[in-house]
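No value in this document is a laboratory result; all are computed from the given coordinates. Fair warning: this is a prediction, and the values are worked out from it, not measured in the lab. Methodologically, a virtual Cβ is constructed for each residue, glycine included, from the backbone with ideal geometry; neighbour enumeration extends over all protein chains shown.
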Amino acid sequence: MTQRVAILISGSGSNMVSLVKAMRAADFDANPVVVLSNNPDATGLQKAKALGVATEVVDHREYKGDRAAFDAKMHDVLCSYEPDIICLAGFMRILTPKFVDNWSGKMLNIHPALLPKYKGLDTHQRALDAGDTVAGCSVHIVTAELDAGSVIGQTEVPILDGDTAETLAARVIEQEHKLYPSALKDFITR
Ligand code: GAR
């Protein structure tokens with residue numbers, strides 16, 4: 001059965017674009033049903049519209065720190081699209097355990113580090129500061145603990161002399177765009 005996929009973004013949505021394009025290619029039994037953002041100014045929303053995907057905004061600022069109410073609204077909006085799978089793609093809000101429980105085993109995230117290393121933010125700078133020689137990206141199943149669920153796909157990239165967080169991020173995100181569609185496909189056909 002074709003899987004209905006919701007994608008959550010907060011910013012530029014480049015991973016969302018790679019997911020949508022991959023799902024629309026042949027031999028991918030999934031369909032993007034909605035792109036939801038917590039940020040009304042996320043440039044990814046325009047990209048989703050241009051790709052003909054429905055968009056929704058649940059602006060976290062309107063909930064003034066009430067994460068439970070924000071997540072409950074997101075849950076309701078998402079349910080109206082009847083997704084089978086949720087892909088977090090640069091979604092920069094921490095989700096409540098209740099929200100995660102509601103989609104247990106059905107929610108994926110892409111993280112710009114070789115998990116379990118460098119959970120959270122500033123992954124590239126932390127890898128550089130540690131003197132690492134490799135960096136990369138991971139796709140994992142979302143659990144209530146941040147960036148801690150089972151890793152279902154990972155790609156390494158070299159760290160090169162003279163790298164900055166920006167040059168490293170550019171090398172990693174190129175791989176993210178390949179990894180996320182392939183991990184989603186594996187997840188669907190598992
Ligand atoms: C990506 O590098 C993604 O891995 C990262 O944010 C970027 C979003 O870019 N996600 C996280 O750091 C999650 N903690 P995009 O909006 O262009 O896909």
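Condition test on Ala42, is it surrounded by 18 or more Cβ atoms within 10 Å (Cβ to Cβ), among the small types (Gly, Ala, Ser) and farther than 20 Å from Val139 by Cβ? Show your work before the answer.
Details: surrounded by 18 or more Cβ atoms within 10 Å (Cβ to Cβ): yes; among the small types (Gly, Ala, Ser): yes; farther than 20 Å from Val139 by Cβ: yes.
Spelling it out, Ala42 is indeed surrounded by 18 or more Cβ atoms within 10 Å (Cβ to Cβ), among the small types (Gly, Ala, Ser) and farther than 20 Å from Val139 by Cβ.
Out of all the residues in the range 160-188, which are surrounded by 21 or more Cβ atoms within 10 Å (Cβ to Cβ) and either over 18 Å from Met107 (Cα atoms) or away from the ligand (no atom under 15 Å from the Cβ) (or both)?
Leu168, Val172 - these are the residues of the range 160-188 that are surrounded by 21 or more Cβ atoms within 10 Å (Cβ to Cβ) and either over 18 Å from Met107 (Cα atoms) or away from the ligand (no atom under 15 Å from the Cβ) (or both).
Yes/no per residue for (1) away from the ligand (no atom under 13 Å from the Cβ); (2) more than 15 Å from Met107 (Cα to Cα); (3) of a type in the set (Asp, Glu); (4) in contact (Cβ under 8 Å) with a residue 24 or more places away in the chain:
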residue	(1), (2), (3), (4)
Thr2	yes, yes, no, yes
Leu8	no, no, no, yes
Val34	yes, no, no, yes
Asn39	no, yes, no, yes
Leu51	yes, yes, no, yes
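Those residues that are touching a residue at least 24 places away in the same chain (Cβ under 8 Å) and either buried (at least 19 other Cβ atoms within 10 Å of the Cβ) or touching a Lys or Arg at 6+ places or on another chain (Cβ under 6 Å) (or both), I need them from the range 53-81; list them, please.
Hits for the range 53-81 are Val53, His60, Phe70, Asp71, Met74, Leu78.
Can you name the residue in the range 40-65 that is of a type in the set (S, T, N, Q) and part of a helix (DSSP H, G or I) and, of all such residues, is nearest to Ile94 (Cα to Cα)?
Let us first name the residues in the range 40-65 that are of a type in the set (S, T, N, Q), namely 43, 46, 55.
After this cut, where a residue has to be part of a helix (DSSP H, G or I) as well, the list is 43, 46.
Working: Thr43: 20, Gln46: 24 Å.
Only one residue fits best here, namely Thr43.
So which of Leu114, Leu108 ends up being out of contact with any Pro (no Cβ under 9 Å at 6 or more places or on another chain) and closer than 18 Å to Asp163 by Cβ? Steps first, answer last, please.
Numbers: Leu108 fails: closer than 18 Å to Asp163 by Cβ.
Step by step, each of Leu114, Leu108 is checked, and only Leu114 is out of contact with any Pro (no Cβ under 9 Å at 6 or more places or on another chain) and closer than 18 Å to Asp163 by Cβ.
Yes or no: the range 18-38 includes at least one residue that is closer than 17 Å to Phe91 by Cα, part of a loop (DSSP other than H, G, I, E, B) and over 15 Å from the mean Cα position of the chain (by Cα).
Within the range 18-38, not a single residue is closer than 17 Å to Phe91 by Cα, part of a loop (DSSP other than H, G, I, E, B) and over 15 Å from the mean Cα position of the chain (by Cα).
Which one of these is of a type outside the set (A, V, I, L, M, F, W, C) and over 17 Å from Leu115 (Cα atoms): Glu174, Glu156, Glu145?
From the options Glu174, Glu156, Glu145, the qualifying one is Glu174.
Output the qualifying pairs, or none if there are none: Cβ atoms under 6 angstrom, residues six or more apart or on different chains, first residue in the range 143-168 and farther than 30 Å from Phe99 by Cα, second residue of a type outside the set (A, V, I, L, M, F, W, C) and outside any strand (DSSP E or B).
Val157/Arg171; Val157/Gln175; Ile159/Asp132; Ile159/Thr133; Ala165/His124; Ala165/Gln125; Leu168/His124
Could you list all residues from the range 23-32 that are more than 23 Å from Asp76 (Cα to Cα) and in contact (Cβ under 8 Å) with a residue 40 or more places away in the chain? Full working, then the answer.
Looking only at the range 23-32, we keep the residues that are more than 23 Å from Asp76 (Cα to Cα), and these are 23-29.
Those that are more than 23 Å from Asp76 (Cα to Cα) and in contact (Cβ under 8 Å) with a residue 40 or more places away in the chain: Met23, Phe28, Asp29.
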